[in-house]
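Asks: First the structure, then my questions, so here it is.
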Amino acid sequence: MALRSQIIGTGSYLPSRVVMNKDLEEVLDTSDEWIQQRTGILKRYWAAQDESTSDLALKASEKALESAGVDKKEIDLLLLATVTPDHEFPGSACFLQAKMDIPGIPAIDVRQQCGGFIYALSMADQYIRTGTYKNVLVVCSELHSRCLDLTPRGRNLSVIFGDGAGAIVLRAADITDPENQPHVISTKIHSDGSQAKELWCPGPGTALKRKERVTMEMLEEGVQYPQMNGRAVFSRAVRTMSESLLESLTSNGKELKDLNLAFFHQANKRISEAIGKTMSLSDDLIHSTVEDIGNTTSATIPIGLDDAVRKGKLKKGMLISNVAFGSGFTWGHALIRW
Ligand code: UT7
């Protein structure tokens, strides 16, 4: 018998405003054809002006709690992953905690970009395995549309991102039959900070070594917008997520043939297609959402899990591997018996 984490509920929220590729053509000097060919993305969702990252997180969390049948007062740890926080400090988890009215429990921000979900899940799993916490809410929320350079200068990045939130509820369970009882089998997280500037947002920040944290000059330079070496990130994403998928299986004595469904972080449909080709995975083994929601950074995998549950594609007993890669570079896996 071993104490393990069970995912007992999922939820997601996408804002109501749909932004088609055509809507970006003029402002970004791009085309629907370029975006579809290079990324596979057809549309994404953008938040309303009166919505914040923690507002999106709240809606996804409420749905996850409802699907889990858990009262918010039963949650004893709150982890929120985001790269687009409500404010510079305190963390957005604190703002979400206030909105949920669950004071006293720890509310922690996870700042691991596209790896945010795997990192947060891994942290939740360690706390559950040690018996420290029993019911954990992991929520990933991104509001990119207000943080992007929406001019032709930023078009390589601005076309791929979308807003949205995804959440899961984990509960501690005694596992006596690991092949059949749902639980998180393993998580593994990695980073390589030597590549931090391949995908990053330079400002505002102390390392810019200006007289003040924010100056008009900095804003004109555009240091407040994310920057990416797209091709370098693309090729490393394919290689690293392929390796992580294999790591998730081989470190647990499993093979590709045992896998029922894979959830990759999705920045670009061509990345998961390239992984599928490299590893000879059939199309139906990869759950894809990027066409309809774009790249939602940390929220990609939990939104994908909720989508697959609601479509009846993700069923009890399945072996699923979740793999993410992104800025940092950070990456990792979570192998789960659903
Ligand atoms: O989520 C975290 C991880 N992120 C990723 O994994 C993203 C990985 N990278 C990518 O998905 C791709 O690199 C992008 C979709 C971001 C860019 O595609 P690309 O094929 O690598 O384009 P590029 O940046 O190398 O640019 C190729 C050409 C350039 O024109 P020239 O110099 O060849 O004339 C760009 O100016 O495409 C041009 N371009 C665009 N044209 C129209 C770049 N962005 C656009 C655009 N619309 N949006």
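The values are calculated or read from the model by the stated rules, or taken from the named source; none is laboratory data. Everything numeric here is computed off the predicted structure, so don't read it as measured data. A quick note on method: Cβ atoms are made from the backbone with ideal geometry, for glycine too, and the neighbour counts reach across all protein chains shown. These area figures cover heavy atoms from the full protein model, side chains too; ligands, DNA and RNA do not enter into them. Shrake-Rupley method; radii C 1.70, N 1.55, O 1.52, S 1.80 Å.
Asks: For the chain, what is the relative contact order in percent, using Cα pairs closer than 8 Å and at least 6 residues apart in sequence?
Replies: Relative contact order, the chain: 26 percent.
Asks: Now for a different question. Give the separation of the Cα centroids, the range 38-113 to the range 131-179, in Å.
Replies: With the range 38-113 and the range 131-179 each reduced to a Cα centre, they are spaced 8 Å.
Asks: Shape call for the range 169-258 from the C-alpha gyration tensor, a ≥ b ≥ c root eigenvalues: rounded (a/c under 1.5), prolate (a/b greater than b/c) or oblate?
Replies: Working: a/c = 4.27, a/b = 2.26, b/c = 1.89.
Taking the square roots of the gyration eigenvalues as a ≥ b ≥ c, the range 169-258 is prolate.
Asks: For a protection proxy built on the mean count of beta-carbon atoms within 10 angstrom, sort 124-135, 274-285 highest first, please. If you can, show how the numbers build up before the last one.
Replies: On the way: 124-135: 17.4, 274-285: 13.8.
Result, highest mean first: 124-135, 274-285.
Asks: Using Cα-Cα distances under 8 Å and only pairs 6 or more residues apart, what relative contact order does the range 74-153 have, in percent?
Replies: 44 percent.
Asks: For the Cα atoms of the chain, what angle does the longest principal axis make with the long axis of helix 269-278, in degrees from 0 to 90, nearest 10?
Replies: The answer is roughly 50 degrees.
Asks: Could you work out what % of the accessible surface of the chain is carbon and sulfur, using a 1.4 angstrom probe and leaving DNA, RNA and ligands out of the count? It would help to have the intermediate numbers written out before the result.
Replies: Values: 7510 of 14780 Å².
Whole-percent figure for carbon plus sulfur exposure: 51.
Asks: Report the per residue volume, in Å³, of the convex hull enclosing the C-alpha atoms of the range 1-51.
Replies: Working: hull volume 7.6 nm³, N = 51.
Hull volume normalised by residue count: 149 Å³.
Asks: In a GNM of the chain with a 10 Å cut-off on Cα contacts, which of 299, 207, 107 has the highest mean-square fluctuation?
Replies: 207
Asks: Compute, for the chain, the length of the dipole vector about the Cα centre, with Cβ point charges of +1 (Lys, Arg) and -1 (Asp, Glu) only. Units Debye, rounded to 20.
Replies: That gives the chain a dipole magnitude of about 600 debye.
Asks: When the Cα atoms of the chain are enclosed in a convex hull and the volume is divided per residue, what value in Å³ results?
Replies: 133
Asks: Tell me, what is the per residue accessible area of the range 73-116 in Å², probe radius 1.4 Å?
Replies: Solvent-accessible surface per residue comes out at 43 Å².
Asks: Residue separation times 0.36 nm, minus the C-alpha to C-alpha distance between residue 66 and residue 194: what's the value?
Replies: The span from residue 66 to residue 194 would gain 41.9 nm if fully extended.
Asks: Now, a different point. By its C-alpha gyration tensor, with a ≥ b ≥ c as the square roots of the eigenvalues, how is the range 2-175 shaped: rounded for a/c under 1.5, else prolate for a/b larger than b/c, else oblate?
Replies: prolate
Asks: What accessible area per residue, rounded to a whole number of Å², is obtained for the range 183-337 using a probe radius of 1.4 Å?
Replies: Value for the range 183-337: 45 Å² per residue.
Asks: Helix 230-250 against the longest principal axis of the chain: what's the angle in degrees, Cα atoms only, rounded to the nearest 10?
Replies: For 230-250 against the chain, the angle is about 0 degrees.
Asks: Let me ask something else about it. Of the peptides 262-271, 181-190, 213-222, how do they stack up when ordered by the mean number of other Cβ atoms within 10 Å, highest first?
Replies: Values: 262-271: 24.2, 181-190: 18.7, 213-222: 12.4.
Order by mean packing, descending: 262-271, 181-190, 213-222.
Asks: For the pair residue 19 and residue 224, how long in nm is the line joining their label points, each one 7 Å along Cα→Cβ?
Replies: Calculated label separation equals 1.6 nm.
Asks: Separate question: Determine the distance separating the Cα centre of the range 288-312 from the Cα centre of the range 194-260; give it in Å without decimals.
Replies: Going from one Cα centre to the other spans 20 Å.
Asks: I need the semi-axes of the equivalent ellipsoid of the range 188-317: take the C-alpha gyration tensor, multiply each eigenvalue by 5, square-root it, list largest first in whole angstrom.
Replies: 35, 17, 13
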